[in-house]
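Asker: Here it is: the structure, laid out below.
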Amino acid sequence: MKIVVGHLFPDYLNIYADRGNIAVLERRAAWRGHELEVRPLGVGDEPRPGEHDLFYVGGGQDREQELIAPALAAMGGALREAVAAGAAALAVCGGYQLFGRFYRDQSGDELPGVGLLPLHTVAGDRRMIGDVLLECQLEPGRPRSLAGFENHAGRTYLDEGAEPLGRVLAGFGNDGESGYEGCRSGRVLGTYLHGPLLPRNPWLADWLLTQALAHRTGEEPVLEPLEDELEAEAHAVSADRARIRGGRY
Ligand code: GLN
């Protein structure tokens, strides 16, 4: 099966090993006999209905966010339609902020978001930097651990009733206060975690592949398990670091 990924603004939003996340999706798909084709989406592009199974947007600093926010927001209608038709998405850090309604930066300027996630973000004056550990339940009754690294000045506020990606066990999370990190709306996930995210949390890569394949075929596949020994070690190292030093200014 071919899985088509729309990589949003890869030339601008690409800090923190975002390409590594794509590489993990590509390998884990290939090990199950699926091909991942990554198509960049940039200024003036418009995703065609049904074309993409998964959208990916990475992190960037305020400067890059400012450069691409209007073009990304202009794609909002097509992206929202694609998601309503079952496409999945992962948005990391700066991309996560722009998946909400708006991002108000340090100077008070408001960058428009795409409105795929029920949230907004406001820049604060202290950066939240460090290792993070979360407990997620994307499938009810199956708690999973997610480990990563955060580095953001933006505080993200979820709308009343919005579903966070996970509960913060160590680290700052969305705003340093709510005790939650990230956001989930159906098959769309947003998170501050990077550094990189998917190599040390392979279950999340598989969840995304499953959603993307479900979009393509109309039914949820069961992915063959992989060994994941190195991945489990990477996760353990990262989780320990978060437990020891996550979430301190
Ligand atoms: N505007 C972002 C911030 O809050 C950028 C986050 C990122 O991708 N590093 O700092």
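The values are calculated or read from the model by the stated rules, or taken from the named source; none is laboratory data. What you see is a predicted model; the values in this text were computed from it and never measured. Backbone-built Cβ (ideal geometry, glycine too); neighbour counts: all protein chains shown. Each accessible area value is taken on the protein alone, full model and side chains, heavy atoms only, with ligands, DNA and RNA left out. Shrake-Rupley method; radii C 1.70, N 1.55, O 1.52, S 1.80 Å.
Asker: Return the residues of region 11-46 that are buried (at least 16 other Cβ atoms within 10 Å of the Cβ) and of a type in the set (Phe, Trp, Tyr); say none if nothing qualifies.
Answerer: Scanning region 11-46 gives Tyr12, Tyr16.
Asker: Go through the residues of region 63-85 one by one and say whether even a single one is in a strand (DSSP E or B), at pLDDT 95 or above and within 15 Å of the ligand (Cβ to nearest atom).
Answerer: No, there is no match, as no residue in region 63-85 is in a strand (DSSP E or B), at pLDDT 95 or above and within 15 Å of the ligand (Cβ to nearest atom).
Asker: Could you list, in sequence order, the residues of region 153-188 that are among the charged types (D, E, K, R) and part of a strand (DSSP E or B)?
Answerer: Arg155, Glu163, Arg167, Glu181, Arg184
Asker: Go over the candidates Asp159, Asp62 one by one and state the one that is surrounded by fewer than 16 Cβ atoms within 10 Å (Cβ to Cβ) and farther than 28 Å from Ala236 by Cβ.
Answerer: Result of the check over Asp159, Asp62: Asp159.
Asker: Have a look at Phe149, Phe55 and point out the one that is away from the ligand (no atom under 16 Å from the Cβ), in a strand (DSSP E or B) and within 18 Å of the chain's Cα centre (by Cα).
Answerer: It is Phe55.
Asker: Ok, one more. From the list Val57, Val83, exactly one residue is under 26 Å from Thr217 (Cα atoms), open to solvent by less than 10 Å² (accessible area, probe 1.4 Å) and of a type outside the set (Gly, Ala, Ser). Which is it?
Answerer: Val57
Asker: Quick one: in region 101-123, which of the residues that are in a strand (DSSP E or B), open to solvent by 10 Å² or more (accessible area, probe 1.4 Å) and touching a residue at least 12 places away in the same chain (Cβ under 8 Å) is nearest to the ligand (Cβ to nearest atom)?
Answerer: By that ranking, first place goes to Ala123.
Asker: I'd like the full set of residues that are open to solvent by less than 40 Å² (accessible area, probe 1.4 Å) and part of a loop (DSSP other than H, G, I, E, B), limited to region 200-220.
Answerer: Matches in region 200-220: Arg200, Asn201.
Asker: Would you confirm whether any residue within region 184-193 is closer than 17 Å to Leu25 by Cα, open to solvent by 40 Å² or more (accessible area, probe 1.4 Å) and within 13 Å of the chain's Cα centre (by Cα)?
Answerer: yes
Asker: Residue by residue through region 17-54, note down the ones that are on the phi > 0 side of the Ramachandran plot and either of a type in the set (Val, Ile, Thr) or out of contact with any Pro (no Cβ under 7 Å at 6 or more places or on another chain) (or both).
Answerer: Selection gives Gly33, Gly44, Gly50.
Asker: Something else now. Look at region 2-27 and say how many of its residues are outside any helix (DSSP H, G or I) and modelled with pLDDT under 95.
Answerer: 8
Asker: Quick check on region 34-49. Is at least one of its residues at pLDDT 95 or above and in a helix (DSSP H, G or I)?
Answerer: Scanning region 34-49 turns up no residue that is at pLDDT 95 or above and in a helix (DSSP H, G or I).
Asker: Taking region 144-156, which residues are surrounded by fewer than 18 Cβ atoms within 10 Å (Cβ to Cβ) and either of a type in the set (Phe, Trp, Tyr) or over 10 Å from Phe172 (Cα atoms) (or both)?
Answerer: Arg144, Ser145, Ala153
Asker: Here's a follow-up. Report, by residue number, each residue of region 132-143 that is within 16 Å of the chain's Cα centre (by Cα) and either charged (D, E, K, R) or open to solvent by less than 30 Å² (accessible area, probe 1.4 Å) (or both).
Answerer: Val132, Leu133, Leu134, Glu135, Cys136, Leu138, listed by residue number.
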